[in-house]
Amino acid sequence: MRTLSLFLLSLLLLLLFSPSTVHSWKKDEFRNCNQTPFCKRARGRKPGSCSLVATDVSVSDGDLVAKLVPKEPDPDHDDQEPVKPLALTLSVYGDGIMRLKIDEDQSLESPKRRFQVPDVIVDGFESKKLWLQRLSTEKVGSDEHFSSIVYLSDDYEGVVRHDPFEVYVRERLSGDRVLSMNSHGLLDFEQLRTKKEGDEWEERFKSHTDSRPYGPQSISFDVSFYGADFVYGIPEHATSLALKPTRGPGIDHSEPYRLFNLDVFEYIPESPFGIYGSIPFMISHGKARGTSGFFWLNAAEMQIDVLGEGWDADSGILLPSSQKRVDTFWMSEAGIVDAFFFIGPGPKDVVKQYISVTGPPAMPQLFATAYHQCRWNYRDEEDVENVDSKFDEHDIPYDVLWLDIEHTDGKRYFTWDRVLFPHPEEMQRKLAAKGRHMVTIVDPHIKRDESYHIHKEASMKGYYVKDASGNDYDGWCWPGSSSYTDMLNPEIRSWWGDKFSFENYVGSTPSLYIWNDMNEPSVFNGPELTMPRDALHYGGVEHRELHNAYGYYFHMATSDGLIKRGNGNDRPFVLSRALFAGSQRYGAVWTGDNSADWDHLRVSVPMVLTLGLTGISFSGADVGGFFGNPEPELLVRWYQIGAYYPFFRGHAHHDTKRREPWLFGERNTELMRDAIRTRYMLLPLFYTLFREANVTGVPVVRPLWMEFPFDEATFDKDEAFMVGNSLLVQGIFTERAKHVSVYLPGKESWYDLRTGTAYLGGKTHKLDAPEDHVPAFQRAGTILPRRDRIRRSTTQMVNDPYTLVIALNSSQAAEGELYIDDGKSFEFKHGAYIHRRFVFKEGKLTSLNMAAATSGNLPFKSECIIERIILLGHAGGPKNALIEPGNLKAQIEFGPLLLQGRRSSGVLTIRKPGIRIADDWTIKVL
Ligand SMILES: *[C@@H]1O[C@H](CO)[C@@H](O)[C@H](O)[C@H]1NC(C)=O
Ligand SMILES: *[C@@H]1O[C@H](CO)[C@@H](O)[C@H](O)[C@H]1NC(C)=O
């Protein structure tokens with residue numbers, strides 16, 4: 001019976017996923033808040049219903065510890081079970097971080113330990129702990145209630161108010177609040193208990209039953225951000241950068257922002273619905289205070305409300321602050337409270353604080369920052385060869401060719417379809433000969449087929465996730481009946497990693513890298529197209545507790561496997577669809593299966609910006625849109641914006657028409673070629689920014705307010721963005737646009753990237769919308785490194801000379817950086833790199849060494865020279881350039897080429913200064 005219904009179900013699924021069906025979001029496949037008991041219940045609670053008070057507050061092991069007990073019996077709890085106190089631990093770390101843990105008291109008996117997510121917080125973090133010595137106490141108001149105060153930094157302190165219980169961060173001098181928790185008394189913590197007669201713990205959704213053997217265990221609380229105009233973050237949603245309120249006056253029937261990793265077929269733009277990834281980290285920004293952040297390390301399903309002003313009007317709760325505030329409400333199905341408060345006060349400070357907890361983004365290989373060509377599927381070796389040579393024929397650079405699921409033998413990963421791909425090694429070698437790479441897909445669903453070596457081994461060793469009754473969980477995915485390896489277990493991750501060795505992965509070569517798709521995990525016949533919540537992982541952890549981090553562990557295991565394959569000296573490249581806090585350490589992500597329409601192009605920008613704010617700087621959206629056939633104009637616009645995504649890949653669904661850049665007539669080929677070449681010219685800038693992200697966490701592409709935190713007009717802008725601190729890119733998101741409005745922030749000028757024309761900052765410019773590019777401007781006061789020679793791939797650009805574009809500001813000054821290394825190995829971690837800082841002031845350009853001179857550094861040499869220096873906005877009419885050392889003269893020319901052959905006036909060029917990038921030098925402009 002079961003097999004039969006499974007068979008029918010799979011037929012149905014085949015129909016559902018078959019090419020001919022009209023795609024649309026299957027809303028009913030997924031639960032809303034009302035169908036999710038913990039969410040519905042939490043949303044129904046009234047402010048002030050938390051009756052917890054903090055008692056026994058003291059210092060222990062450098063932390064503040066306390067017990068939370070109910071002041072009065074909770075009227076909602078009619079059972080007679082004695083109420084157990086909760087254990088609170090508050091710790092302080094360097095750089096302005098406060099951590100709050102609330103869990104069940106470990107010394108008391110409990111049916112199960114609640115899950116704390118391991119492997120996300122980086123090793124070095126604990127060493128930043130500031131050991132609290134003592135507490136100071138202050139009296140609140142006229143009653144006998146106290147608050148305990150801890151030192152956070154010279155300017156900030158943390159406060160635990162005992163009764164009613166509340167935690168907040170405030171500025172020491174002004175007493176102004178920054179962040180607070182439970183100020184509205186919404187904290188609720190459902191403790192595990194033993195099942196009693198009559199307890200109905202099962203939950204049903206559609207045809208699925210969740211056995212919920214441990215019963216209700218949800219947690220919810222309110223968090224307030226002070227001096228904030230907007231909140232941002234908590235990816236992944238297809239929605240605006242500044243998060244819109246989901247509850248409050250005038251908002252009807254809105255869902256909270258859901259964090260639950262799901263394979264949402266045809267997701268819709270502009271929705272709080274949860275898609276492939278989850279990062280429970282929110283950032284606030286405002287004119288009054290600046291920036292702060294709140295991160296809840298918890299991998300269970302989460303729902304977050306942004307509460308609109310006036311939501312608490314009749315609650316009777318008055319917060320002791322006149323500052324503008326954004327209130328939020330956080331709900332999670334399971335886990336513990338492990339929350340981090342970041343005090344900022346600037347946008348980059350908050351990102352750095354978050355990164356010090358979850359780790360810096362990995363440094364990608366150079367090739368991975370260039371253009372990728374993907375399709376489901378490049379059919380066979382001949383197709384691959386054809387596409388590859390067409391790029392050359394049309395003079396379009398590209399670096400990576402991708403193979404989707406059809407390259408395998410029946411969706412058995414690590415294998416090849418031997419008819420279509422009889423010579424995988426030779427195929428990769430041919431690409432590698434042109435300096436190109438290949439990426440193949442490896443998904444987490446393992447085909448249950450006794451003749452498949454991965455399955456045989458995994459089932460024999462007991463490496464699969466178990467269902468609620470303890471058998472290998474069996475779900476339906478691309479290969480049919482499939483099981484899923486349990487990546488929470490380090491032993492299984494290590495076993496998985498070994499599968500990527502050249503010996504084990506037959507047909508792989510050193511130029512092959514990996515793509516992890518479907519790792520939410522996607523299960524076609526599972527509840528909400530994923531794994532049942534009562535499935536079991538290593539250590540008895542329920543899937544519900546781990547769900548949002550499953551893909552993270554899979555990404556980690558794959559990435560670690562590639563490092564092992566390369567003997568620890570080849571940077572891995574792994575693209576993942578699912579993501580969690582910390583995914584930045586393991587590789588790139590993309591925004592999943594979007595659609596070929598203008599709204600999806602539009603929403604890709606805030607999606608990528610949000611990922612960057614939450615640590616994941618290496619992301620992009622499928623150029624062209626995965627589902628559907630883009631009109632040539634949409635495809636061209638997508639390439640023009642995609643050229644500035646940190647991760648730049650064209651991709652398309654199986655059933656779409658072919659859409660390689662040369663298939664739409666000469667003019668469109670030219671436009672797409674131009675867009676891709678722009679990216680290649682700017683690669684030195686991008687690579688330098690990837691290094692900045694690697695060191696500081698500050699993302700490659702940034703919201704405008706990250707660079708202009710005091711310019712209110714930028715706070716909710718998300719149709720334009722910054723690349724580093726120097727470039728502003730404005731998207732064009734409408735068909736046949738004639739004009740485009742561009743807001744240029746700040747007081748200084750901006751120079752059109754192509755023509756050098758100067759525009760005033762601090763105003764909105766209405767410009768013509770040209771078909772051949774999206775508007776991009778270089779900010780006055782910056783220096784931008786470029787490489788202008790067009791090659792087939794990045795590997796062939798290694799010895800090419802550089803161009804520096806100096807955009808002078810009103811004080812005739814500018815600064816910029818260039819970072820170079822071998823683009824491949826980990827030797828940069830031991831000093832094998834060149835990092836220069838260029839400073840132009842008082843008519844003189846100086847190149848300074850930024851690399852730390854540490855003994856034992858590995859060498860990195862480059863003979864590359866600077867072939868051209870372009871000066872924008874120079875006030876005088878200099879004739880000569882004098883180069884030191886050497887006392888050499890170089891000629892200055894006027895009105896020469898700027899970008900891709902366009903002629904410009906008002907631009908000076910120093911040609912062939914003959915200086916090396918690696919050296920110290922100065923150039924005086926006379
Ligand atoms: C940079 O990336 C590498 C991995 O590529 C990582 O090991 C390192 O921790 C990152 N951060 C710094 C500061 O090097
Ligand atoms: C001009 O740029 C330099 C270098 O970035 C900077 O130090 C200086 O403050 C800028 N001047 C103005 C007026 O913005």
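The values are calculated or read from the model by the stated rules, or taken from the named source; none is laboratory data. Values in this document were obtained by computation on a predicted structure and should not be read as measured data. Note that we place each Cβ from the backbone using ideal geometry, even for glycine, and neighbour counts take in every protein chain shown. The accessibility values were calculated without ligands, DNA or RNA, using every heavy atom of the protein model including side chains. Shrake-Rupley method; radii C 1.70, N 1.55, O 1.52, S 1.80 Å.
Which one of ASP305, ASP349, ASP338 is among the acidic types (Asp, Glu) and farther than 22 Å from ILE616 by Cα? Can you show your working first?
Numbers: ASP349 fails: farther than 22 Å from ILE616 by Cα; ASP338 fails: farther than 22 Å from ILE616 by Cα.
On inspection, the qualifying residue turns out to be ASP305.
Considering only residues of the range 803-820 that are more than 16 Å from ligand 2 (Cβ to nearest atom) and crowded, with 23+ Cβ neighbours inside 10 Å, which is nearest to LEU845 (Cα to Cα)?
Just the residues of the range 803-820 that are more than 16 Å from ligand 2 (Cβ to nearest atom), to begin with: 803, 819-820.
Within this subset, residues satisfying the condition of being crowded, with 23+ Cβ neighbours inside 10 Å are 819-820.
Working: TYR819: 18, ILE820: 20 Å.
My answer is TYR819.
For the range 390-405, which residues satisfy the criterion of being of a type in the set (Asp, Glu), on the phi < 0 side of the Ramachandran plot and more than 26 Å from the chain's Cα centre (by Cα)?
ASP392, GLU393
Do any residues in the range 314-329 that are within 17 Å of ASP229 (Cα to Cα) and modelled with pLDDT under 85 have Cβ atoms under 8 Å from those of residues that are open to solvent by 60 Å² or more (accessible area, probe 1.4 Å) and of a type in the set (A, V, I, L, M), where the two are at least six apart or on different chains, and which pairs are they?
GLN323/ALA288
What are the residues in the range 459-500 that are buried (at least 22 other Cβ atoms within 10 Å of the Cβ), of a type in the set (A, V, I, L, M, F, W, C) and assigned to a strand (DSSP E or B), if any?
CYS477 - this is the single residue of the range 459-500 that is buried (at least 22 other Cβ atoms within 10 Å of the Cβ), of a type in the set (A, V, I, L, M, F, W, C) and assigned to a strand (DSSP E or B).
Would you say ARG754 is of a type in the set (Lys, Arg), away from ligand 2 (no atom under 12 Å from the Cβ), modelled with pLDDT under 95 and outside the structural domain of GLY435 (by TED's automatic domain parsing)? First the steps, then the outcome.
Values: of a type in the set (Lys, Arg): yes; away from ligand 2 (no atom under 12 Å from the Cβ): yes; modelled with pLDDT under 95: yes; outside the structural domain of GLY435 (by TED's automatic domain parsing): yes.
Taking the combined requirement at face value, the residue satisfies it.
Scanning for something at pLDDT 95 or above, out of contact with any strand residue (DSSP E or B) (no Cβ under 8 Å at 6 or more places or on another chain), away from ligand 1 (no atom under 16 Å from the Cβ) and part of a helix (DSSP H, G or I), does the range 502-521 turn up at least one residue?
Taking every residue of the range 502-521 in turn, none turns out to be at pLDDT 95 or above, out of contact with any strand residue (DSSP E or B) (no Cβ under 8 Å at 6 or more places or on another chain), away from ligand 1 (no atom under 16 Å from the Cβ) and part of a helix (DSSP H, G or I).
Cβ-Cβ below 8 Å, separation at least six or inter-chain, first residue in the range 550-569 and surrounded by fewer than 24 Cβ atoms within 10 Å (Cβ to Cβ), second among the β-branched types (Val, Ile, Thr) and assigned to a helix (DSSP H, G or I): which pairs?
Close Cβ pairs (under 8 Å, with a partner that is among the β-branched types (Val, Ile, Thr) and assigned to a helix (DSSP H, G or I)) do not exist here.
Within the range 775-799, can you find the residues that are of a type in the set (S, T, N, Q), away from ligand 2 (no atom under 16 Å from the Cβ) and open to solvent by less than 10 Å² (accessible area, probe 1.4 Å)? Let's see the steps before the verdict.
Taking the range 775-799 as the starting set, the residues that turn out to be of a type in the set (S, T, N, Q) are 778, 782, 793-796, 799.
From what's left, away from ligand 2 (no atom under 16 Å from the Cβ): 793-796, 799.
Answer for the range 775-799, where residues must be of a type in the set (S, T, N, Q), away from ligand 2 (no atom under 16 Å from the Cβ) and open to solvent by less than 10 Å² (accessible area, probe 1.4 Å): SER793, THR794.
I'd like the full set of residues that are at pLDDT below 95 and closer than 20 Å to PHE295 by Cα, limited to the range 237-272.
PRO272
Looking only at the range 831-846, which residues are within 15 Å of ligand 2 (Cβ to nearest atom) and among the hydroxyl-bearing types (Ser, Thr, Tyr)?
THR846
Could you list, in sequence order, all residues of the range 183-209 that are over 31 Å from the mean Cα position of the chain (by Cα) and part of a strand (DSSP E or B)?
GLU203, ARG204, HIS208, THR209
If ILE219 satisfies every condition in (1) closer than 20 Å to VAL57 by Cα; (2) touching a Phe, Trp or Tyr at 6+ places or on another chain (Cβ under 8 Å); (3) open to solvent by less than 40 Å² (accessible area, probe 1.4 Å); (4) not polar (S, T, N, Q) but one, which is the exception?
(1)
Residues that are in a strand (DSSP E or B) and farther than 17 Å from ARG99 by Cα: does the range 174-182 have at least one? Write out each step before concluding.
First, pick out the residues of the range 174-182 that are in a strand (DSSP E or B): 177-181.
Add one more test, that the residue is farther than 17 Å from ARG99 by Cα, and what stays is none.
So far as the range 174-182 goes, no, none of its residues is in a strand (DSSP E or B) and farther than 17 Å from ARG99 by Cα.
How many residues does the range 506-536 contain that are within 24 Å of ILE563 (Cβ to Cβ), surrounded by fewer than 22 Cβ atoms within 10 Å (Cβ to Cβ) and in contact with a Leu (Cβ under 9 Å, 6 or more places away or on another chain)?
Going through the range 506-536 one residue at a time, the tally reaches 1.
Within the range 119-134, can one find any residue that is crowded, with 17+ Cβ neighbours inside 10 Å, β-branched (Val, Ile, Thr), assigned by TED's automatic domain parsing to the domain that holds PHE189 and in contact with a Phe, Trp or Tyr (Cβ under 8 Å, 6 or more places away or on another chain)?
yes
Report yes if some residue within the range 368-389 is within 16 Å of ligand 1 (Cβ to nearest atom), at pLDDT 95 or above and open to solvent by less than 10 Å² (accessible area, probe 1.4 Å); otherwise report no.
Taking the range 368-389 first, the residues within 16 Å of ligand 1 (Cβ to nearest atom) are 368-369.
Filter again for at pLDDT 95 or above, leaving 368-369.
Retained after the next criterion (residues that are open to solvent by less than 10 Å² (accessible area, probe 1.4 Å)): 368-369.
Looking through the range 368-389, at least one residue is within 16 Å of ligand 1 (Cβ to nearest atom), at pLDDT 95 or above and open to solvent by less than 10 Å² (accessible area, probe 1.4 Å).
Hey, among SER604, SER576, SER583, which residue is open to solvent by less than 10 Å² (accessible area, probe 1.4 Å) and free of Cβ contacts under 8 Å to residues at least 60 places away in the same chain? Steps first, answer last, please.
Numbers: SER576 fails: free of Cβ contacts under 8 Å to residues at least 60 places away in the same chain; SER583 fails: free of Cβ contacts under 8 Å to residues at least 60 places away in the same chain.
The unique qualifying residue is SER604.
What about GLY344, is it more than 16 Å from ligand 2 (Cβ to nearest atom), at positive phi and under 23 Å from the mean Cα position of the chain (by Cα)? Before you say what the answer is, go through the steps one by one.
Details: more than 16 Å from ligand 2 (Cβ to nearest atom): yes; at positive phi: yes; under 23 Å from the mean Cα position of the chain (by Cα): yes.
Judged against the criteria, GLY344 is a match.
Looking at the range 851-858, is at least one residue in contact (Cβ under 8 Å) with a residue 60 or more places away in the chain and over 19 Å from ILE917 (Cα atoms)?
The first filter runs over the range 851-858 and keeps only residues in contact (Cβ under 8 Å) with a residue 60 or more places away in the chain, leaving none.
There is no residue in the range 851-858 that is in contact (Cβ under 8 Å) with a residue 60 or more places away in the chain and over 19 Å from ILE917 (Cα atoms).
Need the failing condition index for ILE563 against (1) over 25 Å from LYS466 (Cβ atoms); (2) touching a helix residue (DSSP H, G or I) at 6+ places or on another chain (Cβ under 6 Å), just the number.
All conditions are met except number (2).
Restricting to the range 194-214, what's the tally of residues that are touching a residue at least 24 places away in the same chain (Cβ under 8 Å), surrounded by fewer than 17 Cβ atoms within 10 Å (Cβ to Cβ) and not β-branched (Val, Ile, Thr)? Please lay out each step first, then the result.
Narrowing the range 194-214 to residues touching a residue at least 24 places away in the same chain (Cβ under 8 Å): 194, 196, 203, 205-206, 208, 210-214.
Going one step further and asking which of them are surrounded by fewer than 17 Cβ atoms within 10 Å (Cβ to Cβ), we end up with 194, 196, 205-206, 208, 211, 213.
Next, from what is left, pick out any that are not β-branched (Val, Ile, Thr): 196, 205-206, 208, 211, 213.
Qualifying residue count, the range 194-214: 6.
If you take the residues in the range 794-812 that are closer than 22 Å to PRO397 by Cα and among the hydrophobic types (A, V, I, L, M, F, W, C), which one is nearest to ligand 1 (Cβ to nearest atom)?
Taking the range 794-812 first, the residues closer than 22 Å to PRO397 by Cα are 794-804.
Narrowing the set further to residues that are among the hydrophobic types (A, V, I, L, M, F, W, C) leaves 797-798, 804.
Numbers: MET797: 21, VAL798: 19, LEU804: 26 Å.
Top of the filtered list is VAL798.
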